[in-house]
1. Touching a strand residue (DSSP E or B) at 6+ places or on another chain (Cβ under 8 Å) and either in a strand (DSSP E or B) or at negative phi (or both): which single residue out of P62, P99 fits that description?
2. Scan the stretch 65-81 and report the pairs whose first residue is under 11 Å from T23 (Cα atoms) and in contact (Cβ under 8 Å) with a residue 60 or more places away in the chain and whose second residue is surrounded by fewer than 18 Cβ atoms within 10 Å (Cβ to Cβ) and aliphatic (A, V, I, L, M), with Cβ atoms within less than 9 Å and a gap of 6+ or a chain change.
3. N48 versus (1) surrounded by 14 or more Cβ atoms within 10 Å (Cβ to Cβ); (2) modelled with pLDDT under 95: which is the lone unmet condition?
4. Would you call G83 of a type outside the set (S, T, Y), surrounded by 13 or more Cβ atoms within 10 Å (Cβ to Cβ) and either more than 16 Å from the chain's Cα centre (by Cα) or in a helix (DSSP H, G or I) (or both)?
5. From the residues in the stretch 27-45 that are in a helix (DSSP H, G or I) and of a type in the set (A, V, I, L, M), which one is surrounded by the most Cβ atoms within 10 Å (Cβ to Cβ)?
6. Quickly run through the stretch 46-57 and pick out the residues that are assigned to a helix (DSSP H, G or I) and more than 22 Å from V70 (Cβ to Cβ).
7. On the phi > 0 side of the Ramachandran plot and either loosely packed, with under 12 Cβ neighbours inside 10 Å or modelled with pLDDT of 85 or more (or both): does that describe G77?
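The values are calculated or read from the model by the stated rules, or taken from the named source; none is laboratory data. Everything numeric here is computed off the predicted structure, so don't read it as measured data. Cβ atoms come from the backbone with ideal geometry, glycine included; neighbour counts cover every protein chain shown.
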Amino acid sequence: MFQEINVRRLSAGSIYKIVWFGTVFSFVPFGFVMGVCALFGANTVHWNKAPITGAMGLLLGPFLGLFIAVVFTVIFGTVCALGMWVFSMKYSFKLRFVPSLETMKYALSEAENEEAMQSEKPGRKDEW
């Protein structure tokens, strides 16, 4: 199921993409949960050192999660990109991944094409 590749260097865009999806899909749902708690009166969402409760807390929670995700992506993405750049000057590493369905279909079609090319025997002139 998993495939493995050796990687010398990742692009900065790939690093930012990984950090972005990781932070957005963790902080925005967490902000939503805190907004739901604020809807029921808990002091879980704060703005300007003042607790925001009720419907406004429910609306503000996910937006604060998104804001935190953007800030973390900028900071940690930059630090990770710099760290990976320094690491790649000397070392490579292995990545394990699950290929997408399109990648698997493409690999299968390439294998079928290669098999078809090998089954044709060059030099036979009796087949037209």
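1. P99
2. G77/A12; G77/I18
3. Evaluating N48 over (1) surrounded by 14 or more Cβ atoms within 10 Å (Cβ to Cβ); (2) modelled with pLDDT under 95 leaves (1) as the failure.
4. no
5. Among them, the one singled out is A38.
6. A55
7. The answer is no for G77.
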